[in-house]
1. Straight distance only, please: which lysines reach the Cα of K345 with their own Cα at less than 27 Å, same-chain residues fewer than 8 apart left out?
2. Which net charge results when you count Lys and Arg as +1 and Asp and Glu as -1 among the other residues whose beta-carbon is under 12 Å from that of S390?
3. At a Förster radius of 35 Å, what calculated FRET efficiency corresponds to the Cβ-Cβ distance of S364 and E294, to the nearest 0.05?
4. I need the shape label for segment 341-396. Rule: rounded when a/c is under 1.5, else prolate if a/b > b/c, else oblate, with a, b, c from the alpha carbon gyration tensor.
5. Using 7 Å Cα-to-Cβ label points, what is the E302/Q33 separation (nm, one decimal)?
6. Relative contact order (percent) for the chain, with alpha-carbon contacts under 8 angstrom and 6 or more residues of separation?
7. Can you tally the net charge around T191? Count Lys and Arg as +1, Asp and Glu as -1, for every other residue whose Cβ sits under 12 Å from the Cβ of T191.
8. In what sequence do R185, R4, R453 fall when counting other Cβ within 10 Å, fewest first?
Amino acid sequence: MSDRYATFARSGPGRALVKRLGLPDPPSLRRHQPGDSLVTGPVLLDAAPGGRLREPVAALLTAAGVELRAPATLGADHDPTTAVSDHDPTTAVSDHDPTMVGADIEPTMVTADSATVVPEPSMGQPPRNAALIFDATGITDSTRLRPLYDFFHPHARALLPSGRVIVLGTPPELCAAPREATAQRALEGLTRSIGKEFGRGTTAQLVYVAPGAEGAVESTLRFLLSGRSAYVSGQVIRIGQPTDQQQPVDWERPLAGKVTLVTGAAQGIGAAIARVLARDGAHVVALDVPAAGEALAAVANEIRGTALQLDLTAADAPTRLAEHLAARHGRVDVVVHNAGITRDKTIGRMDATRWDSVLDVNLSSQERINDVLLARDLITAGGRLVGVSSIAGIAGNRGQTNYATSKAGVIGLVQSMAPVLAGRGITINAVAPGFIETNMTARMPTLLREAGRRMNSMAQGGRPVDVAETVAWFASPASGGVTGNIVRVCGQSLLGA
Ligand code: NAD
């Protein structure tokens, strides 16, 4: 369903009215297209004294062709030349379009003798950057949080549209002392507030990287910097030691050779997930109920995948699915539990059938299928399980006790299974979509639908592809360090914030 308010607000007369009346102003979001560069301009990178991530991050971004800058005003012990990677800097060709940034920027010359991180010009207006990354892992006490202000204050207004803010920290639960854990926990307030303040499609995330997992951050940084994370903001992501052997990845087709299963793939979010996984190189087994057979076949044909008609609630569904995967492929590398239903009523008016069916499709069927696939060793080391939860599972929702219970259960499933599966080299994560423009949300009453669209930092609903891109990041062979995460794809919705 089209968002007519957003179309109007972006039109000539609409813009003026929106500004005058202070109405929600939904920006156009940069979304990834094949062949796009990672970022649309320079990335400003800095660290608090003692940070352990600036150097590995500088090295990987330079290798990815990103133009890196260091702030002109640096902390006392900050020397940008220490951020030199062992990567050959002559390959650090920038695809940045200088016409997009302030006129005061000197084109960055990256030569064999220069550092990979170039100080930004110190005169005049701050230059405009595509992203701001701050390594806060060196902050071990609340009295040392000031470098965050010093970094973000001068650059708050100098981000390009759809800018990216990433703060890197240490998971509080892994900090050596309570004071360090306190300071690291404080980072959450900063990033969530920046997500609400910066506007113009800017996203802000906090990425907690476990000590020793410095080499496992690339897939996450690529996802968060790119247009793939257009509708993901205000999230806290944890990266640990990879659960499996990291293999070199072709970033354009990271899933080449992988067999993936997507449930509920005939339409909406599931169809988008199937398309994005296929774009990334995977063979997709697209599953849906027999009643959706025609739409399912169309999706499967489009992506050269396989259509599998199966009702997940049937008693023999897990074994039939396992037999199909075993016979055709001998394994499954990525399982995306997307199928879901709503049967809304307040609990006092809800009959038991509505309760049972929602719990069974949305939660128990995921458990049954996982159990059978794992018991038969069809998912092995390097495997990826992805659940689809909902912000209703975090915030609760009037009229959705059954649905919210099932979606909170998906979060429980991820959190309880992550440590169990880590021993087998398998990750498990979930996306929690907010308001996504699909048939499910098109059926909502008009006023509720409008509220859902506007009550987030992007002032608009997300698209199925936004959820799909997040699933693809979890599914990547390079995401072995990403497990036990619940990532909301909700434009930083106020619900459950
Ligand atoms: P949708 O209704 O458009 O698609 C769901 C698909 O699941 C359908 O094709 C349906 O046939 C299939 N399905 C249902 N029961 C099944 C069963 N027993 N066996 C096999 N397939 C079955 O929904 P959507 O909006 O694309 O949502 C996809 C997922 O995202 C769901 O889990 C939903 O709860 C979740 N979600 C959606 C939103 C949103 O805003 N649309 C928000 C939060 C969470």
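1. Counting by Cα, and skipping residues close in sequence, K345 has these lysines nearby: K407.
2. For residues surrounding S390, the net value is +2.
3. After rounding, the FRET efficiency stands at 0.80.
4. oblate
5. Simple spin-label model gives 1.8 nm for this pair.
6. Normalised by residue count, the contact order of the chain is 14 percent.
7. With Lys, Arg at +1 and Asp, Glu at -1, the neighbours total +2.
8. Ranking R185, R4, R453 by Cβ neighbours within 10 Å, fewest first, gives R4, R185, R453.
Bear in mind that the values in this text are calculations on the coordinates, not laboratory data. Not measured: the values here are computed from a predicted model. So basically every Cβ, Gly included, is an ideal-geometry build from the backbone, and we count neighbours across all protein chains shown.
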